[in-house]
Ligand SMILES: [Zn+2]
């Protein structure tokens, strides 16, 4: 007994020391060089997913239909590897949270097409990965959070009234995975604590205990999160945070952890100036770093406090766009102007669709930040479709202050063409008239 366990230890040490590891930069380069997904995640529809899955099948990857959505769309599961450690991943249970679906596709394509890389080769006999990309295809098709019953699947873990929620529970119950990855998007205005820095990726090693007591699975997952944090810090240092860890009995991450599969929540936010494909790449790097650390056992030596020390998600009172020092004219009620900063936020929409913006705050916003900021001090600012108040549309017309405008004139946009028009987060005219501050 003693001899065999000693031999086993030698074998493990031999194996692990012989696996040369890949750096996060090498993962990034591999993705830059080749990745299967081509459509921006938010533009991808159910047909695009099916197209991706066909390509995975052609590579020889196992893809099965495992269930149907409320509207009858097939839900798929991808499988790779033959090892004893079971990892279960699911994405897009919220239909308008698409980043990880693309990252999962690129992940499986990478593993299958790089069998000569030593750790990838070792993974195949050490780990089995199953993933359900786009658990909520009905929501994804119309880019909405909820499923076709208008139920939030992630609040259905107790009631189990959605076919998608029941499927997720069945797949998890029948397989009893060792680790779960629950993959979401958070708002792009989510910040790292109360700083103005966007939380580009947030992690949560779910406790699964109603009182939040730590357990071995959660502590192992904290180490895995630490591995992913270390990998991502090479690309987005200062933009990584921890997700709020309040237990919710209706949420799948909490309940699947409670039912025996400790879950890691990955929430992808935004990073101003980078497109959605960059976020896909970050997810890809994080997953590969996590798996490699399980294969070469470096996870066991990773300091879990790297995770514990991360700041929590916060609201750094960040807005999509702030117009500073605008002279606001509410032409419906008055023609006199008042000076204020105006902050607007973008609604979540596909990249190729009009994104409505709404006024979030008006007043002194000197202590706040916008992803974009303009100096409107030389302009009268008028709402294009109504008045300027919180909650109203964020589409505006700007007039140079020295112009004489009769704001009571009928159809005055025609009678007095604006110097600049801002609609759906874009300049229709006068792009460079207002000085860009950020
Ligand atoms: Zn979500």
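For the reader, a short list of remarks on this structure follows.
- For residue 241: the one exception among (1) within 30 Å of residue 166 (Cα to Cα); (2) within 16 Å of the ligand (Cβ to nearest atom); (3) modelled with pLDDT of 95 or more: (1)
- Residue check, residue 114 in contact (Cβ under 8 Å) with a residue 12 or more places away in the chain, under 28 Å from residue 281 (Cα atoms) and surrounded by fewer than 16 Cβ atoms within 10 Å (Cβ to Cβ): yes
- Conditions (1) part of a helix (DSSP H, G or I); (2) over 21 Å from the mean Cα position of the chain (by Cα); (3) modelled with pLDDT of 95 or more: number failed by residue 27: (2)
- Some residue of segment 153-169 being in the same structural domain as residue 185 (by TED's automatic domain parsing), over 25 Å from residue 248 (Cβ atoms) and more than 16 Å from the ligand (Cβ to nearest atom): no
- Within segment 78-99, being away from the ligand (no atom under 16 Å from the Cβ) and within 21 Å of the chain's Cα centre (by Cα) holds for 78, 87, 88.
The values are calculated or read from the model by the stated rules, or taken from the named source; none is laboratory data. Note that the structure is predicted; figures quoted are calculated from it, not measured. Here Cβ is always computed from backbone atoms with ideal geometry, including for glycine, and neighbour counts include all displayed protein chains.
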